[in-house]
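A short reminder: the numbers here are calculations on the coordinates, not readings from a lab. On a predicted model such as this, the values are computed, not experimentally measured, just so you know. Note that each Cβ is placed from the backbone with ideal geometry, even for glycine, and that neighbours are counted across all protein chains shown.
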Amino acid sequence: MDFRRIFTYLGQANPDPEIRRKQLLQAYRDTFAGDAGKMVLDDLANQFCFLDPTYRGDAQEALFLEGSRNVVLYVLGMLQDEQNNIIKEVAKR
């Protein structure tokens, strides 16, 4: 998928996809590293069924909830690295 600037207008996207990916990973880590970022991450996880079942008897609702949950999983995936697997840490609790 091509990278498009949608919300930011300063500067140009780096044309090298590997450099852009590293910059994006660092931006996610910077955003969620502090207390405010952790509070937002907790809210996203609670609001969008990170630990709760997504099927509650209605298949359409389950599809919607699973899509929402996937966004949280994506964010968590961007935050983890070789030494830090956030998803496994939370699943242990």
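Fewest-first ordering of Leu51, Leu25 by other beta carbons within 10 Å of each residue's beta carbon gives Leu51, Leu25.
By its C-alpha gyration tensor, with a ≥ b ≥ c as the square roots of the eigenvalues, how is the stretch 17-92 shaped: rounded for a/c under 1.5, else prolate for a/b larger than b/c, else oblate?
Details: a/c = 2.19, a/b = 1.80, b/c = 1.22.
Here the stretch 17-92 falls in the prolate category.
Site pair Glu61 and Asp16 shows an inter-label distance of 5.0 nm when each label is modelled 7 Å from Cα along Cα→Cβ.
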